[in-house]
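Beneath this line is the structure, given in structure tokens, with notes to follow.
The values are calculated or read from the model by the stated rules, or taken from the named source; none is laboratory data. Worth saying up front: this structure is predicted, and the values here are computed from it rather than measured. Quick reminder, even Gly has a Cβ in these numbers, built from the backbone with ideal geometry, and neighbours come from all protein chains shown.
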Amino acid sequence: MKVADALKEFDLAKCVQCGKCTASCPSGRESNLRTRRLVFLLKSGADITADKDLWACTTCYTCQERCPKGVKVTDAIIRIRNSAARAGNRPSIHLTAIRSLLDSSDGFPITPEIAKVRSMIGLPIDPWDVAHDTEQKEKFRRLVRSLAINDMLEESR
Amino acid sequence: MTYALFPGCIARNMYPSIEKSTSLVFKELGLEMVDVKFTCCPAPGVIRSYDFDSWLVIAARNLAAAEERQADLITICNGCFGTLEAAHRHLRKNPEAMGMVNEKLSAIGMSYRGRSEVKHFVDVLDGRLEDLRGKVKVELGLKVAIHYGCHYLKPSCESGRNVESPVVLERIVQALGCESVDFPERLSCCGAGGGVWSGDESVSLKILDRKMRFIKGSGADCILDICPFCHLQLDQGQKRLKERYDVPVLHLNQLIGLSFGIKDKVLGVHTHMVATRDIAKKAKRARLDIKVDA
């Protein structure tokens, strides 16, 4: 997503820099994330895709809810992350979760320990899902191969 | 209405006790369910942050799978709800996105028409409050610290909910014969969302620590959540903090299961990281009291 499109789609131009977003941010208290600063930079047309603070947002949506001007702050952060990720500016550990999802269809695949817990509490060891259905899983993997996120992963392999 | 349970990855693969409790509670409530095979929702924090369109397509595959069985989806996780509800609304409002999604889905013989609704289980339970109350066999009388989490309530443009002072969980907890306790910043995030749980452990745990300090100060017997991902953070995360808080964590369907008189080991709540022993003892005593009375 281009910055100009983001400005329009998320109403970033309406920001008056009041700072309610930063004041409401649970992550900003514990990290360098200053939401008002990110919105200011975006509004000024700056490229913030290399800004690490983008990834400290827990996407709790409190800033977006409280913004008196109706700026879609959280949605904007999420979409700018798309550009950051494409440019390779992202926590590499996320690739593990993405790889797992694209390979197995589960974000968190089952471990032998959890298989034991499942059986101990009377659940079938294999959950009823696509990950444990060979035919469905193959179809899912075919779908995934047509997606941009798969290309992103292939480039990083 | 027929429902398809969307259990999500964490309830199946990390906290199967939530899957087990959910199936027992839904059965007891007589909810009409069909079995549908799903994939990861996909996780809104990471997947939507990496590629919005890929996130949409994978979510639409799950929505389409429920549509094939003419069922509404019922989620027991705020993350799954956040993804499926947001994707559903986005697709219905954006014909271009719907066209893109269906082009991808058609290659595997599926299609999305937007006919299945996405329900959070809390709303389904709230709509059957009298039924729920009637099935309570054991009034546990616990002091409960309610953790709403983020994506059940927000963004409110999608949920239409009162995000600053919600009362639905307080109402349900009361119907179960428990008491909700107030604490500062009760609606704040657990710190796990947005890819921060895996991406920045230190920040994630600092957010949790603050939350736990307030919860501990409330004198609650347990924390109540409506999301396996919050549950993971509150239960496993608690064990990774320097400070020992030792407040047991229950998913709402586990508290309901105990209130329906189902034993803790049948529900699987004994498999949590933070010991649920005291809660289980209380439930057992309450069950025995009923037998003595009878």
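Just need a number here: residues in segment B:4-42 that are aliphatic (A, V, I, L, M), in contact (Cβ under 8 Å) with a residue 60 or more places away in the chain and more than 21 Å from B:Asp126 (Cα to Cα). Steps first, please.
The first filter runs over segment B:4-42 and keeps only residues aliphatic (A, V, I, L, M), leaving B:4-5, B:10-11, B:14, B:18, B:24-25, B:29, B:31, B:33-34, B:36.
Narrowing the set further to residues that are in contact (Cβ under 8 Å) with a residue 60 or more places away in the chain leaves B:4-5, B:10-11, B:14, B:18, B:24-25, B:29, B:31.
Cutting the leftovers down to more than 21 Å from B:Asp126 (Cα to Cα) gives us B:10-11, B:14.
Summing the residues that are aliphatic (A, V, I, L, M), in contact (Cβ under 8 Å) with a residue 60 or more places away in the chain and more than 21 Å from B:Asp126 (Cα to Cα) in segment B:4-42 gives 3.
Within the group A:Thr96, A:Thr59, which residue is free of Cβ contacts under 8 Å to residues at least 24 places away in the same chain, closer than 17 Å to B:Asp200 by Cα and not in a helix (DSSP H, G or I)? Explain how you work it out, then say what you get.
Values: A:Thr96 fails: not in a helix (DSSP H, G or I).
It is A:Thr59.
Looking at A:Phe140 and the list (1) at pLDDT 95 or above; (2) of a type in the set (Phe, Trp, Tyr); (3) closer than 21 Å to B:Pro16 by Cβ, which single condition is not satisfied?
Every condition holds for A:Phe140 apart from (3).
If I filter segment B:243-265 for residues that are small (Gly, Ala, Ser) and surrounded by fewer than 19 Cβ atoms within 10 Å (Cβ to Cβ), do I get at least one hit?
Our first condition is that a residue be small (Gly, Ala, Ser); within segment B:243-265, this holds for B:257, B:259, B:261.
With surrounded by fewer than 19 Cβ atoms within 10 Å (Cβ to Cβ) added as a condition, the list becomes B:261.
Yes, segment B:243-265 has at least one match.
Conditions (1) buried (at least 24 other Cβ atoms within 10 Å of the Cβ); (2) in a loop (DSSP other than H, G, I, E, B); (3) modelled with pLDDT of 95 or more, marked per residue:
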| residue | (1), (2), (3) |
| --- | --- |
| B:Pro166 | no, yes, yes |
| B:Glu185 | no, yes, yes |
| B:Ser188 | no, yes, yes |
| B:Ala192 | yes, yes, yes |
| B:Lys216 | no, no, yes |
| B:Ala220 | no, yes, yes |
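Just the residues that are touching a residue at least 24 places away in the same chain (Cβ under 8 Å), surrounded by fewer than 16 Cβ atoms within 10 Å (Cβ to Cβ) and more than 17 Å from the chain's Cα centre (by Cα), please, taken from segment B:109-127.
B:Ser111, B:Arg113, B:Gly114, B:Arg115
Out of all the residues in segment A:1-60, which are under 22 Å from B:Gly82 (Cα atoms) and surrounded by fewer than 14 Cβ atoms within 10 Å (Cβ to Cβ)?
Hit for segment A:1-60 is A:Glu9, nothing else.
Name the residue that is nearest to the chain's Cα centre (by Cα), counting only residues in segment B:32-62 that are farther than 25 Å from B:His147 by Cβ, assigned to a helix (DSSP H, G or I) and of a type in the set (D, E, K, R).
By that ranking, first place goes to B:Arg61.
Take the residues in segment B:194-213 that are in a helix (DSSP H, G or I) and facing chain A (nearest Cβ under 7 Å); name whichever of them is surrounded by the fewest Cβ atoms within 10 Å (Cβ to Cβ). Steps first, please.
So the first thing to find is which residues in segment B:194-213 are in a helix (DSSP H, G or I), and the list is B:196-199, B:201-213.
Filter once more, so that each one left must be facing chain A (nearest Cβ under 7 Å): B:196, B:198-199, B:203, B:206-207.
Numbers: B:Val196: 29, B:Ser198: 16, B:Gly199: 21, B:Val203: 23, B:Lys206: 18, B:Ile207: 26.
So, considering only residues that are in a helix (DSSP H, G or I) and facing chain A (nearest Cβ under 7 Å), the one surrounded by the fewest Cβ atoms within 10 Å (Cβ to Cβ) is B:Ser198.
Can you give me the number of residues within segment A:20-44 that are more than 12 Å from A:Gln64 (Cα to Cα), out of contact with any Phe, Trp or Tyr (no Cβ under 9 Å at 6 or more places or on another chain) and away from chain B (no Cβ under 14 Å)?
Count: 5.
So, in segment B:63-86, of the ones that are outside any loop (DSSP other than H, G, I, E, B) and more than 18 Å from the chain's Cα centre (by Cα), which residue ends up nearest to the other protein chains (Cβ to nearest Cβ)?
Restricting attention to segment B:63-86, the residues satisfying the condition of being outside any loop (DSSP other than H, G, I, E, B) are B:63-68, B:72-75, B:78-86.
If we keep only those that are more than 18 Å from the chain's Cα centre (by Cα) as well, we get B:63-68.
Values: B:Leu63: 13, B:Ala64: 11, B:Ala65: 8, B:Ala66: 13, B:Glu67: 16, B:Glu68: 12 Å.
Per the criteria, the residue is B:Ala65.
Going through A:Arg99, A:Arg90, A:Arg157, A:Arg145 one at a time, which residue ends up being more than 9 Å from chain B (Cβ to nearest Cβ) and within 18 Å of the chain's Cα centre (by Cα)? It would help to see each step written out before you state the result.
On the way: A:Arg90 fails: more than 9 Å from chain B (Cβ to nearest Cβ); A:Arg157 fails: within 18 Å of the chain's Cα centre (by Cα); A:Arg145 fails: within 18 Å of the chain's Cα centre (by Cα).
None of the other options fit; the residue is A:Arg99.
How many of the residues making up segment B:266-279 are within 14 Å of chain A (Cβ to nearest Cβ) and either surrounded by fewer than 19 Cβ atoms within 10 Å (Cβ to Cβ) or in a loop (DSSP other than H, G, I, E, B) (or both)?
6
Within segment B:57-75, is there a residue that is buried (at least 24 other Cβ atoms within 10 Å of the Cβ) and either free of Cβ contacts under 8 Å to residues at least 12 places away in the same chain or within 30 Å of B:Ala283 (Cβ to Cβ) (or both)?
The answer is yes; a qualifying residue exists.
Among the residues of segment B:4-14, are any buried (at least 24 other Cβ atoms within 10 Å of the Cβ), of a type in the set (S, T, N, Q) and either more than 10 Å from chain A (Cβ to nearest Cβ) or not in a helix (DSSP H, G or I) (or both)?
No, segment B:4-14 contains no residue that is buried (at least 24 other Cβ atoms within 10 Å of the Cβ), of a type in the set (S, T, N, Q) and either more than 10 Å from chain A (Cβ to nearest Cβ) or not in a helix (DSSP H, G or I) (or both).
Scan (1) at pLDDT 95 or above; (2) out of contact with any Cys (no Cβ under 7 Å at 6 or more places or on another chain); (3) within 14 Å of chain B (Cβ to nearest Cβ); (4) not in a helix (DSSP H, G or I) for the single condition A:Met1 breaks and write down its number.
(1)
Please go through segment B:34-48 and pick out each residue that is within 7 Å of chain A (Cβ to nearest Cβ) and more than 18 Å from B:Val101 (Cα to Cα).
Selection gives B:Asp35, B:Lys37, B:Gly45, B:Val46.
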